[in-house]
1. Kirkwood Rh and Cα-based Rg: tell me the resulting Rg over Rh for the stretch B:54-123, rounded to two decimals.
2. Spelling out what I want: for every residue of the stretch A:257-272, take phi, set θ = phi - 60°, compute 6.51 cos²θ - 1.76 cosθ + 1.60 (Karplus), and round to whole Hz; glycine and proline get x.
3. Arrange the following residues from fewest to most other Cβ atoms within 10 Å of their Cβ: A:Cys42, A:Cys396, A:Cys354.
4. B:Val101 versus A:Thr407, label points 7 Å from Cα toward the beta carbon: distance in nm?
5. Using a 7 Å offset from the Cα along the Cα-to-Cβ direction at both A:Ile65 and B:Ser171, what is the distance between the two label points in nm, to one decimal?
6. How long are the three semi-axes of the equivalent ellipsoid for the stretch A:162-263, computed from the Cα gyration tensor as the root of 5 times each eigenvalue, in whole Å, largest first?
7. If you take the C-alpha gyration tensor of the stretch A:116-169, multiply each eigenvalue by 5 and take the square root, what semi-axes do you get, largest first, in whole Å?
8. Going by alpha carbons, how many degrees (0 to 90, nearest 10) lie between the helix axis of B:155-164 and the longest principal axis of chain B?
Amino acid sequence: MSSHYEAPIREPLILGEKSYHDISVDVGAPILGKANKSWWICFSIALIAFLWGLGCIVYTVSTGIGVWGLNKTIGWAWDITNFVWWVGIGHAGTLISAVLLLFRQKWRMAINRSAEAMTIFAVVQAGLFPIIHMGRPWLAYWVVPIPNQFGSLWVNFNSPLLWDVFAISTYLSVSLVFWWTGLLPDFAMIRDRTKSPFQQKIYGILSFGWSGRAKDWQRFEEVSLVLAGLATPLVLSVHTIVSFDFATSVVPGWHSTIFPPYFVAGAIFSGFAMVQTLLLVMRKVVNLENYITIVHIEFMNKVILLTGGIVTVAYLTEYFIGWYSGVPYENYTYLSFGAATGPYWWAFWALIICNLIVPLTLWVKKWRRNILWTFIVALVINIGMWFERFDIIVICLSKDRLASTWTMFSPTFVDIGVFVGTIGFFFVLFLLYARTFPVIAQAEVKSILKSSGERYKRIRESGEDLAGTATDERTSNYAARPESLASASNADATYHQSTVNADALVDTETKKAEIDLMLAKIGKYDPATQTADDLKKISGVGPVLEQKLHQLGIYTYDQVSKMTKTEYDLLDEIIDAFPGRAERDDWAGQAQNLKQ
Amino acid sequence: MASGNVLHVLYNDDDILMKAVKELRSKHYRIIEVYTPFPVHGLDKAMGLPYTRIAICSFIYGLIGLSVATLMMNFIMIEDWPRNIGGKPSFSYLQNMPAFVPIMFELTVFFAAHLMVITFYMRSKIWPFKKAENPDVRTTDDHFLIEVDAANHDLDELSKFLYDTGATEISLIHNEEHA
């Protein structure tokens, strides 16, 4: 089929002999099976970290944010660092699902579900920090535009902090809706596959009663496309607005027009690093190596290289402009000679090494296709991007325009606890997700299976038609089919072998009798005790012919091995496209060999 | 429809399904519905479904969002409680607009996205606690089901035709609702 054409030079995105049914089985397995020990260990650790963080949050809120290490000079430190870090991480998901959809990148389909989940969970963590930082989070509703008598005053629409409120809540809610809409067909698959009535009920509710009508799919695809078109500028706007929090101020190092594009590139950079970190582990734990392949990993590494390159250019520009301006304050910004040699030299060099130098190794093809090295680089970038935000916020604030206020920042155990707690919370959510949600957008992956699956690429290149190749023995139970539709008028149908469903092929009673005679000779296939063999292994039998043979009740090598010229002639008579060379190709002999 | 008979015809391959839909249409059989486990590209055209207008809805919702943002900020910042913020007085909406652009954009996206998705859910009749209506559970796995209107057709002839198109299973449904 030309509609499934893909250039042979493209590497397959789905490895192995996968059919549509295999995808359902593989994606459903982690949900329908039991959690293993390593899952419980990870979950317990994450839960403990989360509870510790929760304790620190309760302590902060009940005592006041004085328990943090902030001082008069450095009024923003770990809290806002963590906020920006988490928001940045939350950019990869929508980038993968929206921007790559607009670019028609098929490789996004195996990873978009988890990347979007990661986005939502990361934005939840990010949102916690400004709310805690308010000190009195029960007044958080003051950030929404409510009339003066309910709060202090109308909110200030000139303030980037308020833009943030709108940007992040729009981003979170639109991402959630985008994610959930894509989940509906996959929840429906789980609902229809599970045998547990409880799961049927739960996934029935979660799937919103998705039935997969042609019109639903047409709308589904249109909605996905429009949401992608809306989410693309949205994802760019979110980190742009976060960067405005800094860029519209007058603090040296913050007051910079380069910030919006530089922040967006940095966000994608850190987001992809986090996607790599999570997926490299997940593909192993839930056995999805055939779907999240080395090709996917390499593509993501290329995005990391590109965005890392943009970030590098931004660093160098900042450093150069700071020096070239000749303004003395600029020598104390986070990218300056003063920062590199000052009291925060370690934070400066952590940034340079983690974000600028280590990712350069990905230019080597062998290394960016190495899973262990990719994992290490991803972790290093995660650390480096945390330091980038720490440097921007703390180094710039620590040496502001008034030299007498210069000071250092040191975090308290509460600062650290809240941060560790959000990491714990993030992993609690992600681990729960990995056990209960279809972690791969299986409906979308099925739609590219015939163009990008390894097996189908092979079939297509051998010149065969793809039509009929999706048949899967485990679901196509011909034997269970009623003999004839008009069985009321065709009562003697039961006389014929029940594994024969040859109504399409056989029109006369004589032929039906002949088939019965043949099956009596070569043996009848019993689906209850026998398993069907792959008849396509016999040279000369393609998928279409195999289906026809199945309709005649021929399923096993054993049956074929007992065939003689009489049977070949009968098949020739019944099946139109029968090659007529079964005798010359010696099917019986081939089947005899395959049997062993 | 005299008899109200409906055939549920199962296929296990999307290419065969597409061919079958085209053949059914060329023979002027009426396809009531097609259930598929994933979006089969071109199926809507082959079935003769009209284009969806949901993108147009989204555009209109976006305009509504933009208007809401404009009216809200004009009322709050210019009319109800004008403030002098950082030496930038609030004389007119147009003069202060650059500061309002981010929120005008965000609300446009907010309205366009959410109202479109709600429209989609309402039009396709999907919402929590809705019961699924796919006739065979395999249609979310790897099977494709065509609902063919069998009223006033000879069942044996039609089923033979359908098996010739590559159907793997056919079942007859006496559906009172369709009668």
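1. In the stretch B:54-123, Rg relative to Rh is 1.14.
2. 3J(HN,Hα) across the stretch A:257-272, in whole Hz: 6, 6, 4, x, x, 5, 5, 5, 4, x, 5, 5, 4, 6, x, 5.
3. Details: A:Cys42 18, A:Cys396 25, A:Cys354 22.
With the sparsest Cβ surroundings first, the list reads A:Cys42, A:Cys354, A:Cys396.
4. Placing both labels 7 Å along Cα→Cβ, they lie 3.8 nm apart.
5. Going from the A:Ile65 label point to the B:Ser171 one covers 6.2 nm.
6. The three semi-axes for the stretch A:162-263 are 41, 15, 9 Å.
7. Those come to 23, 13, 9 Å.
8. Tilt of helix B:155-164: around 70 degrees.
Laboratory data are not the source of any read-out in this text; all were calculated from the coordinates shown. Small disclaimer: the values here were computed from a predicted structure and weren't measured. Note: ideal-geometry Cβ built from the backbone for every residue, glycine included; neighbour counts use all protein chains shown.
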